[in-house]
Protein chains: 2
Amino acid sequence: MPNIKQIAKAAGVSVSTVSRVLNKHPYVSEAKRKAVEEAIERLQYARNMNAVHLIKGITQTVAVILPHINHPYFMRLMEGIASEALKHNYQLMLCQTGYNHDEEMKVLEMLKNKQIDGVIITSRSASLDQIEPYSAYGPILLCEDVKDRRLSSVYYDHYLSFQTAITFLWEKGHRNIGFTLNRLNNSSGRKRIRAYYDTLQMLGGNGRAEWMLDGYRDMKDSAAIFPWLHSLDERPTALLITGDEVAAGVLLTAPQYGFQVPEDIAIIGFDNQPISELLGITTIDIQLSIIGARAFAIIYKQITNRTVEPASENLQFKLIERKTV
Amino acid sequence: MPNIKQIAKAAGVSVSTVSRVLNKHPYVSEAKRKAVEEAIERLQYARNMNAVHLIKGITQTVAVILPHINHPYFMRLMEGIASEALKHNYQLMLCQTGYNHDEEMKVLEMLKNKQIDGVIITSRSASLDQIEPYSAYGPILLCEDVKDRRLSSVYYDHYLSFQTAITFLWEKGHRNIGFTLNRLNNSSGRKRIRAYYDTLQMLGGNGRAEWMLDGYRDMKDSAAIFPWLHSLDERPTALLITGDEVAAGVLLTAPQYGFQVPEDIAIIGFDNQPISELLGITTIDIQLSIIGARAFAIIYKQITNRTVEPASENLQFKLIERKTV
DNA sequence: CTGTTAGCGCATTCAG
DNA sequence: CTGAATGCGCTAACAG
């Protein structure tokens, strides 16, 4: 593997001239440019980007922390991030951490070590207090509502979305309302629980702890819903399910358990995944790929401007009424 | 940001001693090690990995080329890759290329530029002739059957899997068999088409060009199936659908079009995605996450051993009989 | 066990 | 427009 020096020699110029043509500087005579290009071609020269990264102090790479890719939520988020990164010719480091705290910290260390220019945290197990100090080394953006920190954020309002869904259910006549949490994100979970109780109280109803289900993420998790429903003295008539996959599972298995949707049990999902459209599931569209795209766009801007000002963006969601409520 | 030199000065040692403790070398006196560690802590030192990459010539990073993450097929492949990479403390560069030829070549250039140590190509639009020369710069692995090249591969036998599925359908009494292709991979598509005709002929039946459907990838693509079916003079009684999402879509929309599964139309899917289990779709389990894990394991070994010997691995698939045939 | 030294490959002043 | 010289931050002989 030849280096810039050998190219310089082969082309009969200095290394700086080679560097100039490599970086498309103006002020290089046509003759020398040609000579350099010819030498590069002939010797099969390839620039060693590690040297460039070292000297420039940036790597054109952003890391994305996510617990697991194998979930539609993160997948769509990631897709939005990737599409936007592509536009700016940036690379993405995919860090599947499985909510492992040490793995998350390792990624933050990579930022400190200048291996990456910024970090997008889609979900986390580390605390904000642990994360924040790393913002000294580069922009960090979380996909959740973060305020008063040197951290950026792109999110939708979990509280408001829950409120919207519950109010919708209430207006459709439901008084007994249950919901599932996926534990995808603890901070969002807490907000949702609060929204659940607040909203029902505001409407003159009541939330119940036994109508709250935790740990529902996948389609197959839905299998536990009906046994649980059967075990209840008083049942909810409507379920707010944070994830269309789970909602689809519930809808599809309902007949086996003798339930009709929405007659016996109404369902509202989250995310507006393709499956909810196909099955006609009423859902809250949180536009994940837009969240992802905005996340990257913001962090990219911060990298480019060397800004330390954190930015925050609250994205809109919308309720899509279909046939399960 | 302090560098190794300043740490050396602060600790009253030489840079090489600092480097030694950084790299956990033996032969460093306990006293100096402590002094260095103290200085590192006190000055908040962080190693610049770009310098390390430059000098060592490796980056502990592998790139994965995929057309789009937002598809269960690639997502599960990616998950297997990521899980294995985590074990070996390697980073993953996610390159969503959208089948854009230039983007694929850019990733290969990154290999040449020493930004990454190896490349996993899950699907491609570039030709093998274009890809192969880059193997001079680091191991390249494709998730398809590649032979007689300086490229590694992990795959399952598309031909055999199609043959298995068609034979199964045949044995269940089906004589008119159609199939969909997703175009996820042209080379696999060709093999499948060949398997389709060969197998039916071998069994004493006949394949028909008008029973072949191209471009079916997503759940919502399935919407076109029934109109197409209605347009046919003679219809297939069974459909081999390369992708459980599409199969699920077909299954779920069948009633609207007055079709019963499997009575009016039998369905066999591919991939054994969670949805096929939930819906009871007969499918071919190709164990995507294992393919991914093996892919990374092989390329990791090649990087570590600095082997240039390409490796090839043919993984097993299995037919899972459920209720749609 | 430790320090000195010579690069890794490149970009970038600063003089011409 | 061009080249010489300097250094990015670190590792690894090499000599003690």
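Nothing in this text is a laboratory measurement; each read-out follows from the coordinates by a stated rule. Given the structure is predicted, the values throughout are model-derived calculations rather than measurements. Glycine also receives a Cβ, built like all others from the backbone with ideal geometry; neighbour counts cover every protein chain displayed.
Compute the acute angle (0 to 90°) between the alpha-carbon long axis of helix A:101-112 and the principal axis of greatest extent of the alpha-carbon atoms of chain A; round to the nearest 10°.
That works out to roughly 30 degrees.
Rounded to a whole number, what is D in µm²/s for the range A:73-182 from Stokes-Einstein with the Kirkwood radius over alpha-carbon pairs (37 °C, 0.692 mPa s)?
Working: Rh = 16.1 Å.
Answer, rounded: 204 µm²/s.
Among the lysines, which have Cα under 24 Å from the Cα of residue B:220 when same-chain residues fewer than 8 positions away are ignored?
Within reach: A:220, A:318, A:323, B:323.
Once you sort the root eigenvalues of the Cα gyration tensor of the range A:1-76 as a ≥ b ≥ c, which label holds: rounded (a/c under 1.5), prolate (a/b larger than b/c) or oblate (the other case)?
Details: a/c = 3.17, a/b = 2.95, b/c = 1.07.
Prolate, because a/c is 1.5 or more and a/b exceeds b/c.
Over what distance in Å are the Cα centres of the range A:203-248 and the range B:212-227 separated?
Centre-to-centre distance over Cα atoms comes out at 33 Å.
Tabulate in residue order the Karplus-calculated ³J(HN,Hα) for the range A:209-215, using 6.51 cos²θ - 1.76 cosθ + 1.60 with θ = phi - 60°, rounded to whole Hz; enter x for Gly and Pro.
Once θ is set to phi - 60°, the couplings for the range A:209-215 become 4, 6, 9, 10, 10, 10, x Hz.
About the Cα centre of the range B:1-153, what is the dipole size in debye to 20, counting +1 per Lys and Arg Cβ and -1 per Asp and Glu Cβ, all else neutral? Mind dumping the intermediate values first?
Working: 19 positive and 16 negative charges, 197 e Å.
Around 940 debye, computed over the range B:1-153.
Considering only DSSP beta bridges whose two residues both sit in the range A:191-325, what percent are antiparallel, to the nearest 5? Could the numbers behind the result be given before it?
Numbers: 3 of 8 bridges.
Beta bridges within the range A:191-325, antiparallel portion: roughly 40 percent.
Around residue B:88, under 14 Å between beta carbons, what's the net of Lys plus Arg minus Asp minus Glu among the other residues?
Details: positive: A:106, B:87, B:294, B:301; negative: A:103, B:84, B:117.
Net charge in that neighbourhood comes out at +1.
Over 26 Å between Cα atoms, which of A:34/B:56; B:9/B:87; A:5/B:112 qualify?
Beyond 26 Å between Cα atoms: A:34/B:56; B:9/B:87.
Just want the answer: with Cβ charges of +1 for Lys and Arg and -1 for Asp and Glu, which residue in B:242, B:287, B:253 is farthest toward the dipole's positive end in the range B:176-325?
Checking the options against the dipole of the range B:176-325, the answer is B:287.
Taking a cut-off of 18 Å between Cα atoms, list the aspartates and glutamates near residue A:147, but don't count ones fewer than 8 places away on the same chain.
Leaving aside aspartates and glutamates fewer than 8 places away in the same chain, those within reach of residue A:147 are A:129, A:132, A:157, A:309, A:313.
Please give the charge dipole size of the protein assembly as shown, origin at the Cα centre, charges +1 on K and R Cβ atoms and -1 on D and E Cβ atoms. Round to the nearest 20 debye.
Numbers: 72 positive and 70 negative charges, 627 e Å.
I would put it at about 3020 debye.
I want to verify a result. In a Gaussian network model of chain B, Cα cutoff 10 Å, which of these has the top mean-square fluctuation: B:192, B:124, B:42?
Result for chain B, Cα springs under 10 Å: B:42 fluctuates most.
Sort B:119, B:107 so that the residue with the fewest other Cβ atoms within 10 Å of its own Cβ comes first and the one with the most comes last. Mind showing how you got there, number by number?
Working: B:119 27, B:107 22.
The most exposed by this proxy come first: B:107, B:119.
Relative to the first principal axis of the alpha-carbon coordinates of chain B, what is the inclination of helix B:288-305, with its axis defined by its Cα atoms, in degrees from 0 to 90 and to the nearest 10?
Helix B:288-305 sits at roughly 30 degrees to that axis.
Taking a label point 7 Å from Cα toward Cβ, how far is residue B:186 from its twins in the other copies, in nm, shortest first?
Label point to label point, same position, other copies: 5.0 nm.
Test of understanding: what is the full-extension gain from residue B:321 to residue B:304, defined as 0.36 nm times their sequence separation minus their Cα-Cα distance? Don't skip to the answer; put the middle values down first.
Details: separation 17, 0.36 × 17 = 6.12 nm, distance 4.10 nm.
Value of the extension gain: 2.0 nm.
For the rotation taking B to A, I'd like to know which residue in chain B has the C-beta closest to the axis, plus that distance in Å.
For the rotation taking chain B to chain A, the closest Cβ gives B:94, 2.
With each label point set 7 Å from Cα along the Cα-Cβ vector, what nm distance links residue A:132 and residue B:197?
About 6.8 nm, to one decimal.
At a 10 Å Cβ-Cβ cut-off, how would you order B:1, B:212, A:219, fewest neighbours first? Numbers along the way, then the final one.
Working: B:1 13, B:212 16, A:219 25.
Neighbour counts put them in this order, fewest first: B:1, B:212, A:219.
Note down the net charge around residue A:220, summing +1 for each Lys or Arg and -1 for each Asp or Glu among other residues with Cβ under 10 Å from its Cβ. Numbers along the way, then the final one.
Working: positive: A:217; negative: A:218, A:221, A:245, B:277.
For residues surrounding residue A:220, the net value is -3.
Considering amide H positions built from the backbone, and no H for Pro or chain starts, which residues 5 or more places from residue A:118, or on another chain, come under 5 Å of its amide H?
When sequence neighbours closer than 5 places are left aside, the close amide H contacts are A:63.
Copy-to-copy spacing for residue A:277, label 7 Å out on the Cα-to-C-beta vector, in nm, shortest first?
When each copy's label point is compared with this one, the spacings are 2.7 nm.
Take the residue pairs A:24/B:301; B:24/B:114; A:106/B:24 and return only those whose Cα atoms are more than 28 Å apart.
Numbers: A:24/B:301 38 Å; B:24/B:114 25 Å; A:106/B:24 18 Å.
The answer is A:24/B:301.
For the range A:173-200 and the range B:149-169, what is the centre-to-centre distance using only Cα atoms, to the nearest Å?
With the range A:173-200 and the range B:149-169 each reduced to a Cα centre, they are spaced 46 Å.
If the label for residue A:321 sits 7 angstrom from Cα along the Cα-to-Cβ line, what are its distances to the same label in every other copy, in nm to one decimal, shortest first?
4.8
Taking the Cα centre of each part, how many Å lie between the range A:126-143 and the range A:79-104?
First find each Cα centre; the distance between them is then 15 Å.
Using only the Cα atoms of the range A:160-278, build the gyration tensor, take square roots of its eigenvalues as a ≥ b ≥ c, and label the shape rounded, prolate or oblate: rounded if a/c is under 1.5, else prolate if a/b is larger than b/c, else oblate. Can you show the working numbers first?
On the way: a/c = 1.44, a/b = 1.19, b/c = 1.21.
Rounded shape, in that the Cα axes give a/c under 1.5.
What number, rounded to the nearest 500 deg cm²/dmol, is the helix-based mean residue ellipticity at 222 nm of the protein assembly as shown, given -39500 (n - 2.57) per DSSP H run of at least four residues and division by all its residues?
Values: 26 runs with 284 residues, N = 650.
So the helix-based figure for the protein assembly as shown works out to -13000 deg cm²/dmol.
Which percentage, to the nearest 5, of the DSSP beta bridges contained in chain B is antiparallel?
Values: 3 of 33 bridges.
Antiparallel bridges: around 10 percent, rounded to the nearest 5.
Dipole size in debye (nearest 20) for the range B:20-95 around its Cα centre, Lys and Arg Cβ +1, Asp and Glu Cβ -1?
On the way: 10 positive and 6 negative charges, 58 e Å.
Computed charge dipole of the range B:20-95: roughly 280 debye.
Grab the other residues whose beta carbon is less than 12 angstrom from that of residue A:39, score K and R as +1, D and E as -1, and report the net.
Details: positive: A:5, A:9, A:32, A:33, A:34, A:42; negative: A:37, A:38, A:41.
Value of the local net charge: +3.
For chain A, take the longest principal axis of its alpha carbons; what is the angle in degrees between that and the long axis of helix A:244-253, to the nearest 10 within 0 to 90?
The answer is roughly 40 degrees.
Quick check on the protein assembly as shown: take the gyration tensor over C-alpha atoms, sort the square-rooted eigenvalues as a ≥ b ≥ c, and tell me if it's rounded (a/c under 1.5), prolate or oblate.
Values: a/c = 2.26, a/b = 1.30, b/c = 1.74.
The shape class here is oblate.
How much of the DSSP beta bridge set in the protein assembly as shown is antiparallel, as a percent to the nearest 5? Numbers along the way, then the final one.
On the way: 9 of 69 bridges.
Given both bridge residues lie in the protein assembly as shown, the antiparallel proportion sits at roughly 15 percent.
Can you sort B:55, B:265, B:120 so the residue with the fewest Cβ neighbours within 10 Å comes first? Before the final figure, lay out the partial values.
On the way: B:55 11, B:265 23, B:120 28.
With the fewest neighbours first, B:55, B:265, B:120 line up as B:55, B:265, B:120.
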